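Presented below is the structure to which this report refers.
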Amino acid sequence: MYVTAVVLLIVLAVVALLTFRGARQTAEAQEKADQLIASLEDAGARTPSQEAIVSVLGTDGGAVCANPNDALSRSVLLAQLSNGAAGPGIRPVIVEQRLFQGQRLIMEVYCPQYLEEFQQFVDDLKLTETGA
């Protein structure tokens, strides 16, 4: 009987610990999402719902903060800055500075340790002020 009680107590303690950790991460994700929403609104951008941001970015910034200054991540980003053609017709284009604004805001909230190096990379690109 004592063994059963101890085993049951250990199982309940593990469940309580996991539940507490999950609730803490959810609260942290919601807090970061609110901070990002405020930053996006200050920048004049349309904002997704808090739930959408939490599900995509979580507490760590998701794919945006997964090695943003890695060579592969940069090459994927540069490949997306093209004229949309395929094969030999693909050409790089000059894009607006505001194209990177959302990614910078996400990085400010979720992974500020990568922001300075990413900003240097963006500063080296040929960008335009407006879509003219």
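Since every read-out is calculated from the coordinates, none of them should be taken as a lab result. In this text the structure is predicted, and so the values were computed from the model without any measurement. Note that we place each Cβ from the backbone using ideal geometry, even for glycine, and neighbour counts take in every protein chain shown.
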Per 0.36 nm of contour for each residue apart, how much would the distance between Asp70 and Glu51 grow if the chain were fully extended, relative to their Cα-Cα spacing?
4.0 nm
In degrees between 0 and 90, to the nearest 10, how far off the longest principal axis of the chain does helix 101-110 point, with axes built from Cα atoms?
30
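With an 8 Å Cα cut-off and a minimum separation of 6 or more residues, compute the relative contact order for the chain in percent. Mind showing how you got there, number by number?
Working: 95 pairs, mean separation 29.5, N = 132.
Worked out over the chain, it gives 22 percent.
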Extent of the chain along each principal axis, from alpha carbon coordinates, in Å, largest to smallest?
77, 35, 26
Farthest toward the dipole's positive end in the range 1-118, which of Leu72, Ala29, Ile94, given Cβ charges of +1 (Lys, Arg) and -1 (Asp, Glu) about the Cα centre?
Leu72
Can you compute the helix-only [θ] at 222 nm over the chain? Use -39500 (n - 2.57) per DSSP H run of at least 4 residues, normalise by all residues, nearest 500 deg cm²/dmol.
-19500 deg cm²/dmol
Mind giving me the nanometre distance, one decimal, between the label points for Ser82 and Leu127, set 7 Å out from Cα along Cα→Cβ?
2.2
Under 5 Å between amide hydrogens, which residues at least 5 positions from Thr128 or on another chain qualify, with H placed 1.01 Å from N in the peptide plane?
Val95, Glu96, Gln97
